[in-house]
Amino acid sequence: MIEVCDLHKRHGNFDVLRGVNLTVKRGEVAAIIGPSGSGKSTFLRCLNGLESFHQGQVSIQELTFGAETPLPIRARILRQVCQRVGMVFQSFNLFPHRSVLQNVTEGPIFVLGLARDLAEERARKLLDQVGLADKIHAMPRQLSGGQQQRVAIARALAMQPAAMLFDEPTSALDPRMTGEVLAVMTDLARNGLTMIVVTHAMRFARQASQTIHVFGEGRIIESGTPEQIFEAPRLEATRLLLNEAQAA
Ligand code: ADP
Ligand code: MG
């Protein structure tokens with residue numbers, strides 16, 4: 001479903017990504033863990049075209065783009081990639097002046113050209129699925145962080161993406177709200193959605209993912225099943241990371 005080959009990215013003369021390779025199968029949940037500043041967000045943003053990169057290639061289903069792809073062609077491919085890959089950010093990023101329902105229907109109506117009544121029907125189902133059926137007419141500022149993040153997930157799902165990228169979706173939330181959001185994400189994982197999740201929520205990574213990738217200084221330094229990573233990490237860096245997360 002997703003294949004990343006030798007991804008490199010620089011900011012000035014600082015190498016943020018230094019050759020990332022990753023394959024994610026259809027229906028797989030891949031968790032990414034790693035210290036702050038190791039390039040996790042940059043990596044996710046390269047996958048859906050929010051950032052460009054200097055070397056390497058990304059394939060998402062049959063859409064392939066690389067550092068060498070000429071700009072007009074890349075722009076056309078990236079428009080399709082954006083529709084196929086949903087993204088959820090740490091800071092929710094809802095449209096503040098739109099109701100919950102409008103946040104979820106906007107993309108399907110204006111980007112996909114779906115009729116309003118069909119978009120609303122789809123939105124109501126998704127909001128019900130994330131436990132917010134009673135909030136459809138609320139404005140984002142009237143919701144808790146956990147509720148806003150669940151709207152953001154529903155909004156991304158409304159585009160019927162082939163895969164979803166999550167960048168620390170619970171880092172801004174207190175433990176109870178974190179639990180609400182992780183429960184929704186665990187449901188999605190069980191239903192076979194292909195997901196890449198950057199997270200510090202180790203219990204979630206362990207229980208919901210099939211593969212864990214450990215980032216360090218712009219590379220994936222270790223990959224394995226949750227059992228391998230948690231029970232028998234190969235690297236000292238991984239061991240330290242897991243200890244820190246446990247202490248937090
Ligand atoms: P992570 O998500 O793992 O915390 P990021 O991808 O956000 O890491 O950032 C990786 C590194 O790239 C950090 O050292 C950060 O300071 C640097 N970086 C990110 N964006 C920029 C930018 N626009 N200009 C310069 N440096 C950047
Ligand atoms: Mg980050």
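The values are calculated or read from the model by the stated rules, or taken from the named source; none is laboratory data. Since the model is a prediction, treat every value here as computed from it, not as a measurement. Only protein heavy atoms, including side chains, enter the accessible area calculation; ligands, DNA and RNA are left aside. Shrake-Rupley method; radii C 1.70, N 1.55, O 1.52, S 1.80 Å.
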³J(HN,Hα) across segment 2-7 via Karplus (A = 6.51, B = -1.76, C = 1.60, θ = phi - 60°), whole Hz, x for Gly/Pro? 10, 9, 10, 10, 6, 6
Counting only residues 5 or more apart in sequence or on a different chain, those whose built amide H sits under 5 Å from that of GLY216 are ILE221
Is segment 18-79 rounded, prolate or oblate when judged by the Cα gyration tensor, a ≥ b ≥ c being the square roots of its eigenvalues, rounded requiring a/c under 1.5 and prolate requiring a/b larger than b/c? oblate
Can you work out the Karplus-derived ³J(HN,Hα) for every residue in segment 91-101? Use 6.51 cos²θ - 1.76 cosθ + 1.60 with θ = phi - 60°, whole Hz, and x for glycine or proline. 9, 6, 6, 6, 6, x, 9, 10, 5, 3, 4
Taking H placed 1.01 Å from N in the peptide plane, check which residues at least 5 places from GLY27 or on another chain put their amide H under 5 Å from its amide H. THR194
Report the extension gain between GLN80 and GLU51 in nm, rounded to one decimal, defined as 0.36 nm multiplied by the number of residues separating them, less their alpha carbon distance. 8.9 nm
In whole percent, and with a 1.4 Å probe on the protein chains, what portion of the accessible area of segment 112-221 is carbon and sulfur? 46 percent
Could you give the accessible area per residue of the chain, probe 1.4 Å, as a whole number in Å²? 49 Å²
Taking a ≥ b ≥ c as the square roots of the eigenvalues of the Cα gyration tensor of segment 123-187, is the shape rounded (a/c under 1.5), prolate (a/b larger than b/c) or oblate? oblate
The chain: translational diffusion in µm²/s, Stokes-Einstein, Kirkwood Rh over Cα pairs, 37 °C, 0.692 mPa s: 176 µm²/s
Cross-link reach from LYS40 to aspartates and glutamates, straight Cα distance under 20 Å and at least 8 residues apart if same chain, gives GLU3, ASP6, ASP15, GLU28, GLU51, ASP167, GLU168, GLU217, GLU222, GLU236, GLU244
Starting from the residue with the highest accessible area, list ASP15, ASP128 in decreasing order, probe 1.4 Å. ASP128, ASP15
Per-residue ellipticity at 222 nm for the chain, helices alone: DSSP H runs ≥ 4 residues times -39500 (n - 2.57), over residue total, nearest 500 deg cm²/dmol? -12500 deg cm²/dmol
